[in-house]
Amino acid sequence: MDTDNQTWVKEFILLGLSSDWDTQVSLFVLFLIMYLVTVLGNFFIVLLIRLDSRLHTPMYFFLTNLSLVDVSYATSIVPQMLVHLLIEHKAIPFVSCAAQLFFSLGLGGIEFVLLAVMAYDRYVAVCDPLRYSVIMHGGLCTRLAITSWVSGSLNSLMQTIITFQLPMCTNKYIDHISCEILAVVRLACVDTSSNEIAIMVSSIVLLMTPFCLVLLSYIQIISTILKIQSREGRKKAFHTCASHLTVVVLCYGMTIFTYIQPHSSPSVLQEKLISVFYAILMPVLNPMIYSIRNKEVKGAWQKLLGQLSGLTSKLAT
């Protein structure tokens, strides 16, 4: 192969979801609204946790981290996607593409590990409630959060370096909404089997390992709940885990379907829709899932509104 062709391209062209102008405008309005809701929703969750001392518990400490991850993940993809929906030349520089892949892949990995950490927190809360405060002390919570961020970031750094060392030749059209790892690897003009194996191994380590830990935690949690004699006690214990379990099913389920399929690969359209799900829908849903039926968050929100109302009344007089 001619070595002149094995050069780094200066920019990539993202093909996006649609080439129809009216569709792109409609998607721009929809995605912009959802992105703003994501930022505001997660901001208010973090604000409530910071302001209300009743929410200064391990569960809400991890929820703060989850909200920060969600906002960061959406921000790594959505603003660029919104711009591309309104312009004809949907280019992204080589360095920006590499940075986007690093942040989106890293933040996705952080979220999976963080959900496993939150599952362990719920396991201790339900299965060993009397020692909960002793086991889930501040030092352990901080170390678990740091482990989540470091493991996701290191995996992403390794994958990004391996991916962007591939010669792209003259290929620069990425059939995706962002610089997603599978879409970028497909541009390479050399054999990418080793990269695909690396992606599979990474998925197993950073996805299936936390997923197995979540599964084991919930087997123990469900077993403990079923042993509770009172109906009210079982209901209260289940309510403790319901929000987290909902997020786990949505988050892990879609990714496992995408990256770990034994006999086939997802279509390009499936990959795009799944990326939209994670970049736009999940960050919107998470604060809603954790707040709609959560009495503590509702109480904190009512308390904050009461304080703001009181302050407004004083200023008016």
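The values are calculated or read from the model by the stated rules, or taken from the named source; none is laboratory data. Every value quoted in this text rests on a predicted model; they were computed, and no experiment measured them. Here the Cβ positions follow ideal geometry from the backbone for every residue, glycine too, while neighbour counts run over all protein chains shown. SASA here: full protein model, heavy atoms, side chains in, ligands and nucleic acids out. Shrake-Rupley method; radii C 1.70, N 1.55, O 1.52, S 1.80 Å.
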*Sort out which residues of the stretch 27-44 are within 15 Å of SER291 (Cβ to Cβ) and surrounded by 18 or more Cβ atoms within 10 Å (Cβ to Cβ), and write them in order of number.*
THR38, GLY41, ASN42
*Restricting to the stretch 183-213, what's the tally of residues that are at pLDDT 85 or above and under 22 Å from the mean Cα position of the chain (by Cα)?*
8
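With respect to ALA316, is the statement that it is surrounded by fewer than 18 Cβ atoms within 10 Å (Cβ to Cβ) and modelled with pLDDT under 70 true?
On the way: surrounded by fewer than 18 Cβ atoms within 10 Å (Cβ to Cβ): yes; modelled with pLDDT under 70: yes.
The answer is yes for ALA316.
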_I'd like to verify a number: residues in the stretch 140-178 that are within 22 Å of VAL205 (Cβ to Cβ), in a loop (DSSP other than H, G, I, E, B) and of a type in the set (A, V, I, L, M, F, W, C), how many?_
1
*Identify, by number, the condition in (1) in contact with a Cys (Cβ under 8 Å, 6 or more places away or on another chain); (2) of a type in the set (Val, Ile, Thr); (3) farther than 18 Å from PHE103 by Cα that VAL184 doesn't meet.*
(3)
*Pairs only if they're at least six apart or on different chains, beta carbon under 7 angstrom, first in the stretch 294-305 and farther than 19 Å from THR240 by Cα, second at pLDDT 70 or above and loosely packed, with under 14 Cβ neighbours inside 10 Å; list them, first residue then second.*
LEU304/LEU51
*Which one of these does ASP70 not meet: (1) surrounded by fewer than 20 Cβ atoms within 10 Å (Cβ to Cβ); (2) closer than 22 Å to HIS176 by Cα; (3) touching a helix residue (DSSP H, G or I) at 6+ places or on another chain (Cβ under 9 Å)?*
(1)
*asked:* Test of understanding: among GLN100, GLN24, which residue is assigned to a helix (DSSP H, G or I), closer than 30 Å to MET200 by Cβ, open to solvent by less than 30 Å² (accessible area, probe 1.4 Å) and in contact (Cβ under 8 Å) with a residue 60 or more places away in the chain?
replied: GLN100
*If you check every pair at least six apart or on different chains, which have Cβ atoms under 8 Å apart with a residue in the stretch 112-131 that is free of Cβ contacts under 8 Å to residues at least 12 places away in the same chain first and a residue that is surrounded by fewer than 23 Cβ atoms within 10 Å (Cβ to Cβ) second?*
ASP128/ILE135; ARG131/VAL124
*Qualifying positions in the stretch 171-187 - over 21 Å from GLU88 (Cβ atoms) and either surrounded by fewer than 17 Cβ atoms within 10 Å (Cβ to Cβ) or of a type outside the set (A, V, I, L, M) (or both)*: GLU180, ARG186
